[in-house]
Amino acid sequence: MERSVAERATAEQLAISLREAITRLNRRVRQERPVGDLTFSQLSALTSLQLAGALTPRELADVERVQPPTMTKIVGKLEERGLVARTPHPTDRRQVILAATERGRAVYVQFEKARNEWLAQQLEELSTEERDALERAAEILQQVARA
């Protein structure tokens, strides 16, 4: 069934509002992190390795949407800190596989904990009705993300 112009405008306005709110919340959550010297780029790369398990440098650069030389610098800093390790690729001797070390996984968990605690604290200040609405909204957003 064709939607009217007014319904499309409303959907477009909602899309803008949601995108802006999600972006702002994401930025704010990203700011919540334990004091440390990891940059956002380093933390993002570490997170990608944590979630993927292991990636080649090229795959990691693609996931992070940066050029390989930029990723080489990021990985170098993570390696210096003992957060990432290289191992030989199982089928291609020209390649290496990057993976978070035990220390890297612990740092990732620490960052995630700080972010979750901050967000939980913000949510505790909301009313039960507001939290219920956000719970439903989270379910709907998961649905939209799968589409």
remark   = Going through (1) surrounded by fewer than 16 Cβ atoms within 10 Å (Cβ to Cβ); (2) over 26 Å from Arg115 (Cα atoms) one by one, Gly76 fails only at (2)
query = Tally time: how many residues in segment 123-138 are among the polar types (S, T, N, Q) and either under 13 Å from Thr47 (Cα atoms) or not in a helix (DSSP H, G or I) (or both)?
reply = 1
remark   = Counted residues in segment 65-115 being of a type in the set (Ser, Thr, Tyr) and within 23 Å of Arg33 (Cβ to Cβ) come to 3
key: Complete set of residues in segment 32-53 that are buried (at least 16 other Cβ atoms within 10 Å of the Cβ) and hydrophobic (A, V, I, L, M, F, W, C)   = Leu38, Leu43, Ala45, Leu46, Leu49
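Name every residue in segment 82-113 that is farther than 22 Å from Arg58 by Cβ and either surrounded by 12 or more Cβ atoms within 10 Å (Cβ to Cβ) or under 17 Å from the mean Cα position of the chain (by Cα) (or both), in order of residue number. So that I can check it myself, show each step before the final result.
First pass over segment 82-113, keeping only residues farther than 22 Å from Arg58 by Cβ: 82, 102-103, 105-107, 109-113.
Once the filter is applied, which keeps residues that are farther than 22 Å from Arg58 by Cβ and either surrounded by 12 or more Cβ atoms within 10 Å (Cβ to Cβ) or under 17 Å from the mean Cα position of the chain (by Cα) (or both), segment 82-113 yields Gly82, Arg103, Arg105, Ala106, Val107, Val109, Gln110, Phe111, Glu112, Lys113.
Listed here are the residues, each with its yes/no results for (1) buried (at least 16 other Cβ atoms within 10 Å of the Cβ); (2) over 16 Å from the mean Cα position of the chain (by Cα); (3) of a type in the set (D, E, K, R).
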position: Pro69; (1), (2), (3): no, yes, no
position: Arg115; (1), (2), (3): yes, no, yes
position: Leu126; (1), (2), (3): no, yes, no
position: Ala137; (1), (2), (3): no, yes, no
position: Arg146; (1), (2), (3): no, yes, yes
message = So, Val29, is that one surrounded by 13 or more Cβ atoms within 10 Å (Cβ to Cβ), hydrophobic (A, V, I, L, M, F, W, C) and modelled with pLDDT under 90 or not?
response = yes
message = aliphatic (A, V, I, L, M), more than 16 Å from Leu51 (Cα to Cα), assigned to a helix (DSSP H, G or I) and at pLDDT below 95: is that true of Ala120 in this structure?
response = no
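The values are calculated or read from the model by the stated rules, or taken from the named source; none is laboratory data. All values derive from a computational prediction rather than experimental measurement. Positions of Cβ are backbone-derived with ideal geometry, glycine not excepted, and every protein chain shown enters the neighbour counts.
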